[in-house]
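Enquirer: Starting off with a structure, shown below.
The values are calculated or read from the model by the stated rules, or taken from the named source; none is laboratory data. All values reported here derive from a predicted model rather than from experimental measurement. Heads up, the Cβs are rebuilt from the backbone with ideal geometry, glycines too, and the neighbour counts pull from every protein chain shown. The protein model used for the area step is the full one, side chains on, heavy atoms only, and it has no ligands, DNA or RNA in it. Shrake-Rupley method; radii C 1.70, N 1.55, O 1.52, S 1.80 Å.
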Amino acid sequence: MLPTFSLKFLKTFLSNSGIVTAMLAVLIVGISALAYQVIQPPPPKTCGSPDGPAVTAPRIKLRDGRHLAYKEHGVPKDNAKYKIFFVHGFDSCRHDSAVANFLSPEVIEDLGVYIVSYDRAGYGESDPNPNRTVKSDALDIEELADQLGVGSKFYVIGYSMGGHPIWGCLKYIPHRLAGAGLLAPAVNYWWPGFPANLSKEAYYQQLPQDQWAVRVAHYIPWLTYWWNTQKWFPPSAVIAHRMDIFSRRDVEVLSKWSPEENNYLALARQQGEYESLHRDMMVGFGTWEFDPLDLKNPFPNNEGSVHLWHGDEDRLVPVILQRYIVQRLPWIHYHELSGAGHMFPFADGMSDTIVKAVLTGDK
């Protein structure tokens, strides 16, 4: 039998259960509202807006109203024999064009090369695209090419996360391509064509915090902003610029960069990290509308070629997945670089090698 005090407490509690339930409901709603606010990214600081960065680059206006900023390199467009669009990687911008910045004057003049680098959506001075997909990235390139009047055919070269738009071009606009190059292209571990054991092996070659970062981007993308800005767990090591993600050769390359080149990092993120870095992760590691491993040769009559370069000491993108890709897609000319890391496109002489191979089809 319960003590008198306990009986009185129980009766009081039960008589006030409605109030308690209401208070719990209010508490849950309050916590949920607070949690929702915490995981919501701030609005982007769009270039040209009252509170946003200034517009300094030439830009085109796309059909959907967005602007795309670009930069021209090489010989004048009207005199060019070859026209290339270079797609920058993660946390970069139009100024970080290894192919354009390090291409020798001899190759530019002898071959007649015109190169356009541009800010991908949300980066630099290109407007964010909240509806961005691998397909929309490819169509941005096509529309940029049309508005610049480069002709019916052009070349595309993408580096690291800039490889995703190149896969998109091979899928959605192969009829516009004269050739393509993939430089250490980032790989989505969830492409259906990968054997489960292989993608798992590659996935666990990342640092644990990067494993979590891409896992969140894939499975719960609406938490991507929170995950990479919270202070409880280590966020993406790539976003944090941890040097241990790079190989010895990479560190050597990075040590030669000028202060001006390092300043481009701020430019890349100036509209906010969500629509640049985080959106990049959600698109790149999300569920794609197609599997690149099912692609057909866009140049069945050898009227063009596709090349892929990768360093066998790349710590950011495991080389074992590239080896499987070219095994499944034997029409890709594969160049594996011994001792090279992820930053090999910035090494001396690589730009000339890459451009010559893509333009001439040399293996």
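Enquirer: Could you check the spin-label model distance between residue 254 and residue 81? Points 7 Å from the Cα along Cα→Cβ, value in nm.
Expert: About 3.9 nm, to one decimal.
Enquirer: If you don't mind, there's one more thing I want to ask. Mind checking the per residue accessible area of region 265-321 for me, 1.4 Å probe, whole number of Å²?
Expert: Accessible area per residue: 38 Å².
Enquirer: Using a 10 Å cut-off on Cβ atoms, rank the peptides 144-150, 309-315 from the highest mean neighbour count down.
Expert: Going from most to least packed, we get 309-315, 144-150.
Enquirer: According to a simple spin-label model (label point 7 Å from Cα along Cα-to-Cβ), what is the distance in nm between residue 303 and residue 232?
Expert: Distance between the two pseudo-spin positions: 5.6 nm.
Enquirer: In addition: Using label points projected 7 Å from each Cα along Cα→Cβ, tell me how many nm separate residue 211 and residue 64, to one decimal.
Expert: 3.5
Enquirer: Still on this structure, I have one more. Take each of the peptides 156-168, 177-189, 128-140, average the number of other beta-carbon atoms within 10 Å over its residues, and list them starting from the highest.
Expert: 156-168, 177-189, 128-140
Enquirer: Return the whole-Å distance between the Cα centroid of region 98-152 and the Cα centroid of region 167-226.
Expert: 21
Enquirer: Structure shown: which of 81/171; 256/356; 61/296; 171/200 lie over 27 Å apart, alpha-carbon to alpha-carbon?
Expert: Over 27 Å Cα-Cα: 61/296.
Enquirer: So what is the accessible area of region 48-193 per residue, in Å², with the probe set to 1.4 Å?
Expert: With all protein chains present, region 48-193 gives 33 Å² per residue.
Enquirer: Let me ask another. Which of the peptides 327-335, 269-277 is most tightly packed, and how do the rest follow, judged by the mean count of other Cβ atoms within 10 Å per residue?
Expert: Order by mean packing, descending: 269-277, 327-335.
Enquirer: Among bridges DSSP assigns within the chain, what percent are antiparallel (round to 5)?
Expert: DSSP beta bridges in the chain are roughly 25 percent antiparallel.
Enquirer: How much length is gained if the chain between residue 243 and residue 320 is pulled fully straight, taking 0.36 nm per residue apart and subtracting their Cα-Cα distance, in nm to one decimal?
Expert: Gain on extension, residue 243 to residue 320, equals 25.5 nm.
Enquirer: Relative to the longest principal Cα axis of the chain, at what angle does helix 4-15 sit, 0 to 90 degrees, rounded to 10?
Expert: 50
Enquirer: Now, a different point. Within the accessible area of region 83-241, what % is carbon and sulfur when the probe is 1.4 Å and the other protein chains stay in place?
Expert: On region 83-241, the fraction of accessible area on carbon and sulfur atoms equals 58 percent.
Enquirer: Helix 208-219 versus the longest principal axis of the chain: what angle, 0 to 90°, nearest 10, using Cα atoms?
Expert: Roughly 80 degrees, rounded to the nearest 10.
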